[in-house]
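The values are calculated or read from the model by the stated rules, or taken from the named source; none is laboratory data. As the structure is a computational prediction, the values presented were derived from the model and not from experiment. Cβ placement follows ideal geometry from the backbone for every residue including glycine, while neighbour counts extend to all protein chains displayed.
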Amino acid sequence: MQENTQMSDVREHCHSLGIALSSEGAQKLGAYASRLLEWNKIHNLSGASTLDSLKENIIDSLYPLRFVDSFTSCLDIGSGGGFPAIVLAIALPKVRFTLTEPRAKRFGFLQHIIAELRLDNAKVLPARIQEIPITQVNNIDLITSRAVMSAEEIMRYGRRFLSHNGHYLLFKGSNLQKELPSMSIEECFSRNERIYFYKKG
């Protein structure tokens, strides 16, 4: 199948970056990409509409594994079609992932893909981050988010969920400097036009 060939390419690319991705992980990424393309035709869940664009989004999601500290739990704010949280949950089966997605169609897709791929390490909550009680999610090692709200807002709303040594990993673009004028260059990692903002909470 074409998507399996594509995910083999992703696996090889990850290996060249020093990122481990198992053969089972590559197969699940292929199934995820296939389902996302199917749902996109009806529900427009993601801007990625071809296997090539999905492949780029998958690599974008995995790239931070080059530099982030090891973590055992992750909270993803505004999970959309599953980037980066579903991709990371596939690649890191021993890490617990909590996804948040208030939009019904995207929430439905995320629930479906978690069940279909048997991602026992992932769950999705149908709520905005502002609405989630601390009793449901707490002591999180890593908070991720991609293109949902400003960096300052994400850090403000997410702070109460972080563990003492927890970090933020925000997927941003060139507007990051406007959002956080006081950011440190040591907290930024770049790939193409992407800026990964990685900061201790």
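Answer yes if at least one residue in the stretch 76-84 is outside any strand (DSSP E or B) and over 23 Å from G47 (Cα atoms), and no otherwise. There is no residue in the stretch 76-84 that is outside any strand (DSSP E or B) and over 23 Å from G47 (Cα atoms).
Selection of the stretch 65-79 for residues being surrounded by fewer than 22 Cβ atoms within 10 Å (Cβ to Cβ), in contact with a helix residue (DSSP H, G or I) (Cβ under 9 Å, 6 or more places away or on another chain) and either more than 19 Å from K28 (Cβ to Cβ) or not aliphatic (A, V, I, L, M) (or both) yields only G78. Determine if the stretch 100-112 includes at least one residue that is under 16 Å from L169 (Cα atoms), in contact with a strand residue (DSSP E or B) (Cβ under 8 Å, 6 or more places away or on another chain) and buried (at least 21 other Cβ atoms within 10 Å of the Cβ). Checked against the condition, which is being under 16 Å from L169 (Cα atoms), in contact with a strand residue (DSSP E or B) (Cβ under 8 Å, 6 or more places away or on another chain) and buried (at least 21 other Cβ atoms within 10 Å of the Cβ), the stretch 100-112 yields at least one hit. Criterion applied to L36, L88, L21 was being of a type in the set (A, V, I, L, M), within 30 Å of N139 (Cα to Cα) and not in a loop (DSSP other than H, G, I, E, B), and the one residue passing it is L88.
Is it true that some residue in the stretch 123-134 is closer than 27 Å to I59 by Cβ, assigned to a helix (DSSP H, G or I), of a type in the set (D, E, K, R) and touching a helix residue (DSSP H, G or I) at 6+ places or on another chain (Cβ under 9 Å)? No, every residue in the stretch 123-134 fails to be closer than 27 Å to I59 by Cβ, assigned to a helix (DSSP H, G or I), of a type in the set (D, E, K, R) and touching a helix residue (DSSP H, G or I) at 6+ places or on another chain (Cβ under 9 Å).
For first residues located in the stretch 103-132 and farther than 17 Å from F161 by Cα and among the basic types (K, R), partners that are at pLDDT below 95 and in a helix (DSSP H, G or I) and lie 6+ apart or on another chain with Cβ distances below 6 Å form the pairs K105/H43. Within the stretch 148-193, the set of residues being in contact (Cβ under 8 Å) with a residue 60 or more places away in the chain, in contact with a helix residue (DSSP H, G or I) (Cβ under 6 Å, 6 or more places away or on another chain) and part of a strand (DSSP E or B) comprises L169, R191. Against the numbered list (1) at pLDDT 95 or above; (2) out of contact with any Cys (no Cβ under 7 Å at 6 or more places or on another chain); (3) not small (G, A, S), P133 comes up short only at (1).
Tally up the residues in the stretch 137-147 that are surrounded by 16 or more Cβ atoms within 10 Å (Cβ to Cβ) and not in a strand (DSSP E or B), please. The qualifying residues number 1. Of all residues in the stretch 26-38, none satisfies being in contact with a Leu (Cβ under 6 Å, 6 or more places away or on another chain), under 29 Å from H164 (Cα atoms), at pLDDT 95 or above and crowded, with 22+ Cβ neighbours inside 10 Å.
Evaluate the following for G47: is it assigned to a helix (DSSP H, G or I), of a type outside the set (V, I, T) and either more than 28 Å from L162 (Cα to Cα) or over 11 Å from the mean Cα position of the chain (by Cα) (or both)? So G47 does not fit the description; no.
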